[in-house]
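Below is one structure, written out as structure tokens; the observations come after it.
The values are calculated or read from the model by the stated rules, or taken from the named source; none is laboratory data. This structure is a prediction, so every number in the text was calculated from the model and none was measured. Here the Cβ is made from the backbone with ideal geometry for all residues, glycine too, and neighbour counts use every protein chain on show. Protein only, heavy atoms only, side chains kept; ligands, DNA and RNA dropped before computing areas. Shrake-Rupley method; radii C 1.70, N 1.55, O 1.52, S 1.80 Å.
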Amino acid sequence: ERVLELDLSRSKLRELDALRAHGFCHLRRLNLDSNLLVDLRCLPHLPALTVLSLSHNLVSTRPRSLGPGPALSTAARDAGSHGGLASLASLEVLHLGFNQISDVPALNLESLRQLRVLHLQGNDIARLDGVSQLHELRELNLDRNRIRALDPGSLAGLSLLRELRIEENGLRSLEHISAASNLATLALGSNRISDLAELEKLTECAALQSLALANNPVARRQLYRPSLVRRMLSLHVIDGREISPEERARTEAMYSAEARAAAATQAHFTQAHHMAHHGAASEVRSYAAKVPLKLTSMNFDQLALGGADFGGGSGGAYSGLVGPAVASGYRESSGQNLAMAAQQLQRGSLGTSGFEAALRTARRVDSGGVRAGEGQADYSSFREYNQSRRVKTGL
């Protein structure tokens with residue numbers, strides 16, 4: 001009679017000599033969970049076996065010479081190369097979770113060319129290697145191990161891998177995960193990934209649809225979810241929550257507004273940089289071009305300087321400052337007229353030539369001995385302003 005499926009879980013088995021009988025050569029599914037098996041060399045040659053479960057045993061890859069341990073039976077030793085994992089050429093699913101495995105290459109998995117599912121959760125694995133030859137592998141579970149980082153060759157060659165689980169490992173970086181470029185499901189919860197920049201390393205996983213990073217420091221960052229939604233258009237689920245079209249629209253609007261604000265800020269700093277490298281004179285010309293003058297302002301760019309001397313009285317003083325065309329309306333005193341001119345200048349409604357003209361006029365007034373009370377006070381303020389302006393503009 002042919003036996004196709006056998007469940008021997010929780011049977012306190014230490015060896016498997018009974019399965020070497022001819023009647024088990026067609027066995028396709030074997031469950032050996034929760035037994036006392038220590039060495040995989042005790043496995044008999046089962047050429048048709050496709051599913052093998054050995055979770056919750058005592059399987060170890062540590063050298064036996066370091067201490068006493070259960071010895072192989074005589075039948076297992078005599079089997080030699082005819083037993084062990086290497087003899088299971090048809091195996092597609094292998095469960096080795098919750099054992100004492102620390103060295104994956106010691107399992108000699110490279111001979112399992114048809115293997116599609118490999119579960120190694122709950123072991124003592126600190127470095128992921130020894131699986132690069134499993135080209136047909138679709139699912140790899142490494143939860144609850146001690147993997148802090150992946151090596152460049154850890155996932156190399158696993159081009160068909162669709163699901164990868166590395167939760168509760170203390171993983172600090174997402175480097176080299178993108179080597180499995182066809183991943184659809186990636187579970188990395190309860191690790192130590194903290195930097196948003198690490199998420200950039202997942203953008204090469206163009207087929208990724210479900211991502212879990214819950215209970216990582218990065219998942220508490222304000223832009224954690226929006227940055228994933230924006231960067232990875234293939235994602236449908238983040239931490240068990242589906243991405244809705246409305247969420248994508250909100251995220252896109254947020255980043256578009258941020259981009260416009262960044263562009264405006266960049267333009268401002270570019271303009272400031274340009275002004276700083278073109279000297280004070282260029283700055284004054286730019287300022288004059290951008291501030292229109294009111295028709296009622298004292299515009300020294302447009303009103304020619306009069307030729308009257310400051311020594312000829314108050315009317316002559318103001319005629320020299322703004323020209324004879326407007327001097328007749330301001331005949332009270334030289335000090336008052338100069339105060340009005342200083343106030344106009346301080347309001348900033350002057351161009352380059354007007355500023356230079358005011359400076360020359362102030363010097364002439366100073367040499368002419370203006371002493372009117374109000375005009376003198378405003379003139380002093382004007383001179384202080386003029387000095388500070390000269391420092392800033394270089395005039």
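Points to keep in mind about this one:
- Scanning the range 111-130 for residues that are polar (S, T, N, Q) and at positive phi yields a total of 0.
- Among the residues of the range 191-203, those that are polar (S, T, N, Q) and open to solvent by 40 Å² or more (accessible area, probe 1.4 Å) comprise 194, 203.
- Search result, residues across the range 107-133 that are more than 32 Å from the chain's Cα centre (by Cα) and basic (Lys, Arg): 113, 116
- Residues that are in contact with a Ser or Thr (Cβ under 6 Å, 6 or more places away or on another chain) and under 18 Å from residue 85 (Cα atoms) were ranked within the range 1-18; the one that is modelled with the lowest pLDDT is 17.
- Filter result for residue 229 (in contact with a strand residue (DSSP E or B) (Cβ under 9 Å, 6 or more places away or on another chain), open to solvent by 30 Å² or more (accessible area, probe 1.4 Å) and of a type in the set (A, V, I, L, M)): no
- Search result, residues across the range 153-190 that are buried (at least 18 other Cβ atoms within 10 Å of the Cβ), within 16 Å of residue 118 (Cα to Cα) and among the hydrophobic types (A, V, I, L, M, F, W, C): 155, 158, 161, 164, 166, 180, 183, 186, 187
- When residues of the range 204-220 are limited to those that are open to solvent by 60 Å² or more (accessible area, probe 1.4 Å) and of a type outside the set (A, V, I, L, M), the one farthest from residue 242 (Cα to Cα): 204
- Among the strands (runs of 3 or more DSSP E) confined to the range 3-63, the ones with at least 2 residues that are closer than 21 Å to residue 125 by Cβ are located at 51-53.
- Residue match in the range 131-149 (condition: at positive phi, open to solvent by 40 Å² or more (accessible area, probe 1.4 Å) and either touching a residue at least 24 places away in the same chain (Cβ under 8 Å) or not in a loop (DSSP other than H, G, I, E, B) (or both)): yes
- Long-range neighbours under 7 Å by Cβ, at least six apart or interchain, first residue closer than 18 Å to residue 188 by Cα and of a type in the set (Ser, Thr, Tyr) within the range 217-238, second at pLDDT 95 or above and open to solvent by 70 Å² or more (accessible area, probe 1.4 Å): 234/209
- Qualifying residue in the range 59-75 (condition: at pLDDT 95 or above, β-branched (Val, Ile, Thr) and closer than 23 Å to residue 145 by Cβ): yes
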